[in-house]
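Shown next, in C-alpha cells, is the structure this report addresses.
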Amino acid sequence: MYTPRPKPTGFIKRFAYDSQEMLKFSLSTLRACFGRPFFLTEWIEQMHLNGVKSIYLVILTGLFAGQALALQFSIELSDFGAKTYLGRLMVLSMVRELGPVLTGLLVAARVASGITAELGSMKSSHQIDALRAFSIDPIRKLAVPRLLSLLVMVPVLTILCDVIGILGGYVIAVLVAHIHVGLYWAPVYENLNFGNIFIGLFKPIVNAFIIAFVSIYKGFSSEGGAKGVGLATTQSVVITSITILIANFISTKVVFSLIRGYF
Amino acid sequence: MLEFRDVTFSYGAEPVLRGISFQIPDGEARVILGQSGSGKSTILKLFLGLYPPFSGSVLIDGEDIGKMNERELREVRKKIGMVFQDGALFDSMTVGENVGFYLIEHSDLEIDEIEKRVREMLGYVGLEESIIDKLPDELSGGMQRRVAIGRALLATDPKIMLYDEPTTGLDPESTSKALALMKTLAERKKISSVIVTHQIVDALEIADDFIFIDDGQVVFDGKLDGFRDCADPRVLEFLNPFRRGIAELQRKKFA
Ligand SMILES: Nc1ncnc2c1ncn2[C@@H]1O[C@H](COP(=O)(O)OP(=O)(O)O)[C@@H](O)[C@H]1O
Ligand SMILES: [Mg+2]
C-alpha cells in the first residue's frame, strides 16, 4: 500500500493491478484486526455512524419493500386460492434475497460513499501521512474500526430489514388480503429454519466485507485532490453495489447447493 | 546530521527525485526552494520514513532510514517534528486533541496533565487557550499552522523540525508570527530545521543556507550570496518574478 510502484496503463492491466492491490490491502487490514493497539473509541463511533444512523433508512425501505411484495404475492396467490402461502413466501423472499440485497445496497450508498470520501479527503490533506508521522498505523486506526463496525452492523441492519419487511407483509395480509393472523404467522415461524437463517446471515457478512474493503481501499488510494476524491467516491459506490449483486447471486447458487438438506 | 545520499524516488512511472544529495549539520536551518511539483514535500516524507527511497540513502545521525522497519522508524520519528503543508490537522478532533495527540496515543499521562501541557503549548505558539475545544475548521489558516507547530512540538520535544510550506497562503501578519516562532525554536532550542517553500522572501527570514531543487535534482546548494549570483537558467527563472517584483517596487518608490 505504502510502497509506490509504477502503475500499469491499459484497462485490463489496470484492473488486474487494482484488484491485486486491493487484495493485498484487504489482507493487511484483516491481519491488523487481530493485533494491538485496538482503537475501541473509533470502533464504537463507527458503529454509531454506519449502523445506528442507518436504522431509519433501513426501516423505511424494509417496510415499503415488504408491503409491495406482499401486495403482489397476495393478488397472485388469491387467483389460486393459496393466500395462506403468503407468510411462507414473505420469509423466503425477505430473509434469503431482498433483506440482504436491499440492506447491502443502502449501506453501500450511504456508508461506502461516506467512508471513501472521508478517507480520501484525509489522504489529500496529508492527515494520513500525519498519523504515520506520529507513529500511528492508519490501517489500525482508520481501516480496522470501519471494517469491524460494518461486520457487526450490516447483519444487524439486515435482520432489522427482514423483520420490518415481514411485518409490512403482515399489515397487508390483515388489512388488504384478509388472511387470518395465525395463518400468516404459522408458516413464517415454520420457515425460519437453519438453512434460511444461515443464508440470511451469510450474505450480509459477505456484503460487509465487500463494502468495507472497497470503500476503505478506494479512500486510501485516491489521488489528485478534491476531484480525485469525488471520482473515488463514485467508483466506490458503483463497485460495491455491483459486487454485492454478483456476490448475492453466487451465494444463492453455491450456498444453496451446499446446504440443501437443511431447508 | 541530516543527509541525503544520491537518493532517487518515484511514486509511479515518472521519477520524482533523480539523485539528490545534501547534508544539514546539527542545529542548522536550511531552506529547500523549488517550484511546485519539483519534489520538495517528497524529500520531507522520505526524512520521516513514510516512503523508502528507490536507491541511495537517507541518513539521520548516521542511521539509514530506508533500511529500517516500522518499530525502528518509530524511534527515529520521535526526534522529528513535522509541520505538514496546510497543517494537516485531524479535522474530526478538537484543537486540544490535535495538540495532545501524541501524548494521548503514546503516553500514560493522566488526561488532566495532558490538558495542562496542551494549554502551555498553545500559549507557547501564541494562541489563546480558549480555542482548545474548537475544531480546526473554525480557525484561520494562520492559527491552524500554529496549532500544527504546537502539535509537532508537544509530541516528543523534537530536535529536528521539518516545515512544509509553513507560510504559504497566510496573510502577512500570520506569516511573520509563524516565522518568528520558527526562528525562536531554531535558536532557543538548538533544533535543526528544514523549511520547504517556494516563497523566497519568507525563506530569507529563517536561514541563509539554500538548497534549490528543480525536477528532482539539486541545482544549487550554498549561501544566499551564491544563490543570488547563480547563473543557472533554472535559478534565474525561479528568481525572475521576484526580481521583477523588486524592480516594480523601486519604480513605484516603495523599496
Ligand atoms: N502520493 C502521491 N502519489 C503520486 N504522485 C505524487 C504523490 N505525491 C506527489 N506526487 C507527485 O510527485 C511530484 C512531486 O510532488 P511534491 O513532492 O509534492 O512536490 P512539491 O512539494 O515540490 O510541490 C509531483 O509531480 C506530484 O504530482
Ligand atoms: Mg509540496
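The values are calculated or read from the model by the stated rules, or taken from the named source; none is laboratory data. In this text the structure is predicted, and so the values were computed from the model without any measurement. All Cβ positions, even for glycine, are placed from backbone atoms using ideal geometry, and neighbour counts span all protein chains on display. Calculation scope for accessible area: heavy atoms of the full protein, side chains included, ligands and nucleic acids excluded. Shrake-Rupley method; radii C 1.70, N 1.55, O 1.52, S 1.80 Å.
List of remarks:
- Near residue A:179, the amide H atoms lying under 5 Å from its own belong to A:174; only residues 5 or more places off or on other chains count, and H is placed 1.01 Å from N.
- Pairwise label distance in nanometres, residue B:188 with residue B:224, each label 7 Å out on the Cα-Cβ vector: 2.3 nm
- C-alpha long axis of helix A:194-220 to longest principal axis of chain A, angle in °: 30 degrees
- Estimated [θ] at 222 nm from DSSP helical runs (n ≥ 4, -39500 (n - 2.57)) normalised by residues in chain B, nearest 500: -12500 deg cm²/dmol
- Estimated buried accessible area (total), pair B and A, 1.4 Å, Å² to nearest 100: 2100 Å²
- Surface per residue (accessible, 1.4 Å probe) for the stretch A:161-239, Å²: 43 Å²
- Reachable aspartates and glutamates, given that their alpha-carbon falls under 17 Å from the alpha-carbon of residue A:227 and they are not under 8 places away in the same chain: A:118
- Label zone at residue A:24 (point 7 Å along Cα-to-Cβ), backbone N below 19 Å, the stretch A:197-225: A:213-223
- Each Lys or Arg adds one and each Asp or Glu takes one away; over the other residues whose Cβ falls under 15 Å from the Cβ of residue A:68, this sums to -2.
- Loop GluC sites (Glu not before Pro), the stretch B:68-136, which have at most 11 other Cβ atoms in a 10 Å radius of their Cβ (DSSP): B:110, B:128
- Net length gained if the chain between residue B:63 and residue B:237 were fully extended (0.36 nm per residue, minus Cα distance): 59.0 nm
- Applied to the stretch A:23-29, the Karplus parametrisation 6.51 cos²θ - 1.76 cosθ + 1.60 on θ = phi - 60° returns per-residue 3J(HN,Hα) values of 4, 4, 4, 5, 5, 6, 5 Hz, with x for Gly and Pro.
- For the stretch B:92-107, the residues whose backbone nitrogen is under 19 Å from a point 7 Å from the Cα of residue B:140, taken along Cα to Cβ, are B:95.
- Taking amide hydrogens as placed 1.01 Å from N in the peptide plane, the amide H of residue B:29 sits under 5 Å from those of B:193, each at least 5 positions away in sequence or on another chain.
- Apportionment of accessible area to carbon and sulfur, the protein assembly as shown, percent (1.4 Å): 60 percent
- Backbone HN-Hα couplings from phi across the stretch A:32-38 [Karplus 6.51/-1.76/1.60, Hz, Gly and Pro as x]: 5, 4, 9, x, 10, x, 10
- Tensor-based shape of the protein assembly as shown (alpha-carbon gyration tensor, a/c under 1.5 rounded, otherwise prolate or oblate): prolate
- Annotation: amide H-H contacts under 5 Å for residue B:82 (H modelled 1.01 Å from N, sequence separation of 5 or more, or interchain): B:162.
- Per residue solvent-accessible surface (Å²) - the stretch B:23-164, probe of 1.4 Å: 41 Å²
- Per-residue ³J(HN,Hα) for the stretch B:161-169, Karplus 6.51 cos²θ - 1.76 cosθ + 1.60, θ = phi - 60°, Hz, x for Gly and Pro: 10, 10, 10, 9, 6, x, 10, 5, x
- Beta bridges by DSSP in the protein assembly as shown, antiparallel share as percent, to the nearest 5: 55 percent
- Prolate/oblate/rounded call for the stretch A:1-120, Cα gyration tensor, a/c under 1.5 rounded: prolate
- Note on residue B:79: lysines with a C-alpha under 22 Å away, same-chain residues under 8 apart excluded, are B:40, B:45, B:67, B:159, B:183, B:189, B:190.
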